[in-house]
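K.L.:
Take a look at this one; I'll ask things after.
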Amino acid sequence: MNVNFRLLLILFSLSIQQLYAQPTNPAILKKEWIYEKAPFPECHASTIAETPQGLIASWFGGTHERHPDVGIWVSSLTKSGWTTPVEVATGVQPDGKRLPCWNPVLFQRPGGELILFYKVGPSPSTWWGLLKRSKDNGKTWSEAERLPEGILGPIKNKPVLLSSGVLLCPTSSEDHNWRVHFEQTSDWGKTWQKTAPINDGITDGAIQPSILFHPNGQLQVLCRSQKVGYILESWSKDNGKTWSALEKTSLPNPNSGTDAVTLKDGRQVLVYNPTTTNNGKNGPRTPLDVAISDDGKNWKTLAVLENEPGEYSYPAVIQSTDGLVHITYTWKRNRVRHVVLDPNKKS
C-alpha cells in the first residue's frame, strides 16, 4: 500500500475517533476519566465537592464491594488534570481486623474545613458512620471520628446547609426495612439530632434521599425506591423537621441511586437511570440521564450521559461557583467519570 495513502487512512481514522469521542450534546462541555489506572480493580459511590482550590472527588475502591480491602480514595482537579488517587481512609479496626468502607460524601464548609463522611462495616445493615476533616482542601486529613451510636451521617448524597446554620443530612437505614430519616448538626458534626423514619419500609422501601430547595422555605427529597419502580418523593414545610408521606413520582427507578441539586436560579437538576424494576428485580443501570425541572414535578431530559450496555450508576451532582454543573458516576464499576454541563444550553 502506498505510504501516503496509508498515512491518509490513519489520519482519517483518528479524525473519526475524535469526532465520536467528543460530546454531541451542546449542554455537555466535557467528559473525562478521573483516573485511567488505579491500584484497585473496582470502584463505586463517588462524591464531588468544590473547595477554594478547585474540585475534589472521592469514592470507595478495592477488590469488590463488601471486600475487607475496600477503602476511601480521593483525587483533586488541578491545572494539569486529576491527581493520582490516594487512599485516605480504611476500615482497619483496633484489633487489626479490616472491614470494608462505603459511600463517601464530601462537604465543603463555607469558609472552613472540608468534611469527608463515610461508613465502615460488613454490610449496609450493620455499618456505622465516621468523618474526617481537612484544613488544606483535601491534601491531608484528620484522624477518623466515629459518629454517635445511631448516627450514620449523609448516606450517599450531599448534606445541605440551611439558613439557620443547620447542616441537614439526608440519610437512611437498612437494618429494619429500607427507611429514610434525617440527621442534623449545628456545630459541624460535634453534636447531632435525628428524626424518626418518614416511612415504615414495608411497601414503600426507600433509601438515599437527596434534598432540593423550593420557594417559601419548602424542601423536597427524591429517594431511591426498592420495589416501587419509580423515584419516591417527600416534602417538608418546616426545614426538615417533619415530612409528608413518600409518594411515587413519574420518574422511573430500577432500584439504583440518584442525586439531585437545586441550581442558583431555582431550577432542579436530577441524575438517574430512567428504567424501572423488572417484576421486583433490579432493572438495568443504563442509560444514565440528566433531567431538569422548574418545579421538581415536571421533568425534561437535559442530557443522556451513557446509553450503552453496562452499569453507569450512583451519580453525584453539584453546581460550582461559575454556574456549571459537575457530575461524577460509576462507569462499569472500574472507573469514575466526570462530566461538566452547562444547564443553560439545550440538548
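Only the coordinates and a few stated rules stand behind these numbers; no lab work does. Treat the numbers as computed from the prediction; the structure is a model and nothing was measured. Reconstructed Cβ throughout: ideal geometry from the backbone, glycine too, with neighbour counts over all protein chains shown.
K.L.:
Here are some values of semi-axes √(5λ) of the Cα gyration tensor in Å: (i) 43, 23, 17; (ii) 34, 28, 16; (iii) 32, 25, 20. Which one was computed from this structure?
P.N.:
(iii)
K.L.:
LYS241: which lysines have alpha carbons under 28 Å from its alpha carbon, excluding same-chain residues fewer than 8 sequence positions away?
P.N.:
LYS119, LYS132, LYS156, LYS158, LYS190, LYS194, LYS227, LYS264, LYS297
K.L.:
Another question, then. Once you have a ≥ b ≥ c as the square roots of the Cα gyration tensor eigenvalues for the range 92-174, tell me rounded if a/c is under 1.5, and otherwise prolate or oblate according to whether a/b is larger than b/c.
P.N.:
On the way: a/c = 2.38, a/b = 1.32, b/c = 1.80.
Oblate is the answer for the range 92-174, as a/c is 1.5 or above yet b/c matches or exceeds a/b.
K.L.:
Relative to the Cα centre, what is the charge dipole magnitude of the range 100-248, using +1 at the beta carbon of each Lys and Arg, -1 at the beta carbon of each Asp and Glu, and rounding to the nearest 20 debye? Don't jump to the answer; show the numbers that get you there.
P.N.:
Numbers: 17 positive and 14 negative charges, 64 e Å.
Magnitude of the dipole: close to 300 debye.
K.L.:
Between SER244 and LYS194, what's the calculated FRET efficiency when r is the beta-carbon distance and R0 is 22 Å? Round to 0.05.
P.N.:
In this case the efficiency is close to 0.75.
K.L.:
Find the relative contact order for the chain and round it to a whole percent, using C-alpha pairs within less than 8 Å whose residues are 6+ positions apart.
P.N.:
On the way: 922 pairs, mean separation 48.6, N = 347.
Answer for the chain is 14 percent.
K.L.:
A further question on this structure: Just subtract the alpha-carbon distance of LYS135 and ARG267 from 0.36 nm times their residue separation and send over the number in nm, one decimal. Before the final figure, lay out the partial values.
P.N.:
Details: separation 132, 0.36 × 132 = 47.52 nm, distance 3.20 nm.
Extra length available between LYS135 and ARG267 comes to 44.3 nm.
K.L.:
Continuing with the same structure: Ordered by packing density, taken as the mean number of other Cβ atoms within 10 Å over each peptide's residues, highest first, how do 50-61, 71-82, 294-305 rank? Please report the intermediate quantities before stating the final value.
P.N.:
Numbers: 50-61: 21.5, 71-82: 18.2, 294-305: 16.2.
Taking the mean over residues of other Cβ atoms within 10 Å, the ranking is 50-61, 71-82, 294-305.
K.L.:
Connecting C-alpha atoms closer than 10 Å in a GNM of the chain, tell me which of GLU42, GLU113, GLU308 has the biggest fluctuation.
P.N.:
Among GLU42, GLU113, GLU308, the largest GNM mean-square fluctuation belongs to GLU308.
K.L.:
While we're here: Using R₀ = 41 Å, calculate the FRET efficiency as 1/(1 + (r/R₀)^6) where r is the Cβ-Cβ separation of SER80 and SER123; round to 0.05.
P.N.:
Values: r = 39 Å, r/R0 = 0.95.
For SER80 and SER123, the calculated efficiency is 0.55.
K.L.:
While we're on this one: Quick check on the chain: helices-only [θ] at 222 nm, where DSSP H runs of length 4 and up contribute -39,500 (n - 2.57) each and the sum goes over total residues. Nearest 500, please. Can you show the working numbers first?
P.N.:
Values: 1 runs with 19 residues, N = 347.
It comes out at -2000 deg cm²/dmol, rounded to the nearest 500.
K.L.:
Mind ranking 229-235, 248-254 by how tightly packed they are, going by the mean number of other C-beta atoms within 10 angstrom, highest first? Provide the component values of the computation, followed by the final result.
P.N.:
Working: 229-235: 20.1, 248-254: 18.6.
Listed from highest to lowest mean packing, they are 229-235, 248-254.
K.L.:
Between ASP175 and HIS67, what FRET efficiency comes out of the Förster formula 1/(1 + (r/R0)^6) with R0 = 22 Å and r the beta carbon distance, rounded to 0.05?
P.N.:
Plugging the Cβ-Cβ distance into 1/(1 + (r/R0)^6) gives 0.55.
K.L.:
Counting other C-beta atoms within 10 Å, and keeping those with at most 10, which DSSP coil trypsin sites (Lys or Arg not before Pro) do you find in the range 184-241? If you can, show how the numbers build up before the last one.
P.N.:
Values: sites: LYS190, LYS194, ARG224, LYS227, LYS237, LYS241; in loops: LYS190, LYS227, LYS237, LYS241.
Listed in order of number, the matching sites are LYS190.
K.L.:
While we're on this one: Compare HIS176, HIS64, HIS214 in a GNM of the chain, Cα atoms joined below 10 Å, and give the one with the largest fluctuation.
P.N.:
Greatest mean-square fluctuation among the candidates belongs to HIS176.
K.L.:
What distance in nm separates the simple spin-label points at GLU308 and ASP294, each placed 7 Å from Cα in the Cβ direction?
P.N.:
3.7
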